[in-house]
Every structure is written in structure tokens, then in C-alpha cells.
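The values are calculated or read from the model by the stated rules, or taken from the named source; none is laboratory data. Just so we're clear, the structure is a prediction, and the values are computed from it rather than from any experiment. Don't worry about glycine lacking a Cβ; one is built from the backbone with ideal geometry, like all the others, and counts go over all protein chains shown. We work out accessible area using only protein heavy atoms, side chains counted, and drop any ligands, DNA or RNA first. Shrake-Rupley method; radii C 1.70, N 1.55, O 1.52, S 1.80 Å.
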Amino acid sequence: MADEGTVTHAVVSAVARAEGVDPTDVEPPLSESVDTEALERLFRDTRGHVTFEYKEYVVTVSSDGDVALEPLVT
């Protein structure tokens with residue numbers, strides 16, 4: 001599990017809440033869907049947002065720390 005306060009932790013925690021599970025039980029790991037190191041670096045000095053697919057969600061992460069989940073429509 002990623003350290004609290006990281007973007008990775010925020011995403012995994014949001015998915016865990018949406019699925020009603022503990023963050024340590026979220027599978028597959030986020031790192032299988034997105035480069036988590038790049039995700040962390042992205043918001044160190046940059047403002048904006050990034051959107052990607054993870055599990056059954058479209059995830060949008062904003063530089064202000066907001067994480068939004070939308071169901072993935074297939």
C-alpha cells in the first residue's frame with residue numbers, strides 16, 4: 001500500500017471506498033494500470049489533472065488532491 005498523502009494512496013483509497021473494501025484488498029495493484037512513480041512526479045510541480053482507466057472506473061486525479069471515479073462504460 002502506498003504511503004498516506006500520496007496520489008497513489010488517494011486513488012486506491014477512493015476505489016476501496018467505492019467497492020466497500022479495505023485499501024489493502026484492492027486488486028489488481030494500481031501499478032498494473034498506470035506508472036505510479038510518474039503519477040506521483042506529475043503533481044509535484046504541475047497543476048492540472050490526469051485521467052486514466054483502472055479496474056471498472058475512469059479515474060480523474062486533480063493537482064488539488066481531488067480524485068473522481070466514474071463507472072467505465074464499455
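A few points about this structure:
- Length released on extending from Thr24 to Phe52, taking residue separation times 0.36 nm less the Cα-Cα span: 8.0 nm
- Once the GluC sites (Glu not before Pro) in DSSP loops with at most 15 neighbouring Cβ atoms within 10 Å are cut out of the chain, the longest remaining piece is 5-55.
- Once the 1.4 Å probe is applied to the protein heavy atoms, the chain comes out at 65 Å² accessible per residue.
- Given charges at beta-carbon only (K, R positive; D, E negative), |dipole| of the chain in Debye: 240 debye
- For the chain, the longest principal axis of the Cα atoms and the long axis of helix 7-19 meet at an angle of about 20 degrees.
- For the chain, the alpha carbon positions stretch 32, 28, 20 Å along the principal axes, listed from largest to smallest.
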